[in-house]
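Student: First the structure, then my questions, so here it is.
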């Protein structure tokens, strides 16, 4: 494991190893133990897309590991003025011990890893969100004890979250279903891979997808950069809401997860969100622990 570019690059064993280390780091933090595993290491954090959780969790995480995080926006880098990513990668590799990138195109992250000589962590692209899904998997295992026999259901847009969640579910042995409107399906190659490698279902029916689920997951209807499609997406996703009726189709004791921010009254009702707030905010916290584990694996 040299980089974290997408979850599909990792084996089941590598994913479980990250989760085990994340559990250890969480236990240590809860007991006031902060070991400088990455003492003196420097992490560059490139943000072409803004974020609350990604910024704070990575910056806090590298600090707690004894290192230092540098926040780098478009305004701070020549990459925002047209410098090729391959040149930026080679320059920053001379200064830093690792880079986290939150951007639009997956190719940008892949190119950074190709031309740089330091570990690269994908903090989010339009294609996938591996750090979030590692935190999701950590939360599911905390709450359910294991992944064996579980079914995860995703309701909504076949976006970067859906792409990564189906990979994470299949890799850890969970069944995966997705309910999405026609024209908003996940990446076709990933769908093909999921069908061939696990128990997978894609449907336009939310009730069918949620039937017997142990984990219900949703995300906003319009992601960052899709604000101009808001009205069109509101029409397309009408009926694709996690609500009390959807929860009745799921198994008793089913979890609800959301990568946040949440738009109550759109993709999820306020009552369902608040009923499962403990799970959702455990999930948000676990971004910190999972990402600390990734940094330790890559940068130590």
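The values are calculated or read from the model by the stated rules, or taken from the named source; none is laboratory data. Bear in mind the structure is a predicted one, so any value in this text is a computation, not a measurement. Glycine also receives a Cβ, built like all others from the backbone with ideal geometry; neighbour counts cover every protein chain displayed.
Student: Tell me the residue from 295, 247 that is in a helix (DSSP H, G or I) and buried (at least 21 other Cβ atoms within 10 Å of the Cβ), please. Let's see the steps before the verdict.
Tutor: On the way: 247 fails: buried (at least 21 other Cβ atoms within 10 Å of the Cβ).
Just a single option satisfies the conditions, and that option is 295.
Student: Any idea how many residues of the range 53-82 are within 23 Å of the chain's Cα centre (by Cα), more than 25 Å from residue 27 (Cβ to Cβ) and surrounded by fewer than 17 Cβ atoms within 10 Å (Cβ to Cβ)?
Tutor: Adding up the residues that qualify gives 4.
Residues are listed down the side, and each one gets a yes or a no for (1) under 27 Å from residue 232 (Cβ atoms); (2) in contact with a strand residue (DSSP E or B) (Cβ under 9 Å, 6 or more places away or on another chain); (3) buried (at least 23 other Cβ atoms within 10 Å of the Cβ); (4) outside the structural domain of residue 246 (by TED's automatic domain parsing):
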position: 146; (1), (2), (3), (4): no, no, no, no
position: 149; (1), (2), (3), (4): no, yes, no, no
position: 156; (1), (2), (3), (4): yes, yes, yes, no
position: 163; (1), (2), (3), (4): yes, no, yes, no
position: 175; (1), (2), (3), (4): no, yes, no, no
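Student: Consider residue 127 against the criteria (1) in contact with a helix residue (DSSP H, G or I) (Cβ under 7 Å, 6 or more places away or on another chain); (2) touching a residue at least 60 places away in the same chain (Cβ under 8 Å); (3) over 24 Å from residue 3 (Cα atoms): it satisfies all of them except one. Which criterion is unmet?
Tutor: (3)
Student: Of the residues 255, 224, which single one is under 18 Å from the mean Cα position of the chain (by Cα) and surrounded by fewer than 18 Cβ atoms within 10 Å (Cβ to Cβ)?
Tutor: It is 224.
Student: Do the conditions hold for residue 140, that is, is it over 24 Å from residue 68 (Cα atoms) and in contact with a strand residue (DSSP E or B) (Cβ under 7 Å, 6 or more places away or on another chain)? So that I can check it myself, show each step before the final result.
Tutor: Working: over 24 Å from residue 68 (Cα atoms): yes; in contact with a strand residue (DSSP E or B) (Cβ under 7 Å, 6 or more places away or on another chain): yes.
Considered against the rule, which asks whether it is over 24 Å from residue 68 (Cα atoms) and in contact with a strand residue (DSSP E or B) (Cβ under 7 Å, 6 or more places away or on another chain), residue 140 comes out as yes.
Student: On to the next question. For the structure I just gave you, tell me whether residue 186 is assigned by TED's automatic domain parsing to the domain that holds residue 256 and either at pLDDT 95 or above or within 22 Å of residue 233 (Cα to Cα) (or both).
Tutor: On the way: assigned by TED's automatic domain parsing to the domain that holds residue 256: yes; either at pLDDT 95 or above or within 22 Å of residue 233 (Cα to Cα) (or both): yes.
Taking the combined requirement at face value, the residue satisfies it.
Student: I want to confirm something. Restricting to the range 6-17 and keeping residues that are assigned to a helix (DSSP H, G or I) and within 14 Å of the chain's Cα centre (by Cα), which single residue is surrounded by the fewest Cβ atoms within 10 Å (Cβ to Cβ)? Explain how you work it out, then say what you get.
Tutor: Step one: list which residues in the range 6-17 are assigned to a helix (DSSP H, G or I), which gives 7-9, 12-17.
Narrowing the set further to residues that are within 14 Å of the chain's Cα centre (by Cα) leaves 7-8, 15.
Details: 7: 25, 8: 17, 15: 19.
Only one residue tops the list, namely 8.
Student: Which residues, taken from the range 92-107, are more than 12 Å from residue 44 (Cα to Cα) and free of Cβ contacts under 8 Å to residues at least 60 places away in the same chain? Walk me through it before giving the result.
Tutor: From the range 92-107, those more than 12 Å from residue 44 (Cα to Cα) are 103-107; that's our starting set.
Across the range 92-107, the qualifying residues are 103, 105, 107.
Student: Which condition number in (1) more than 19 Å from the chain's Cα centre (by Cα); (2) under 24 Å from residue 276 (Cβ atoms); (3) surrounded by fewer than 22 Cβ atoms within 10 Å (Cβ to Cβ) is the one that residue 210 fails?
Tutor: If we test residue 210 against (1) more than 19 Å from the chain's Cα centre (by Cα); (2) under 24 Å from residue 276 (Cβ atoms); (3) surrounded by fewer than 22 Cβ atoms within 10 Å (Cβ to Cβ), just (3) comes out false.
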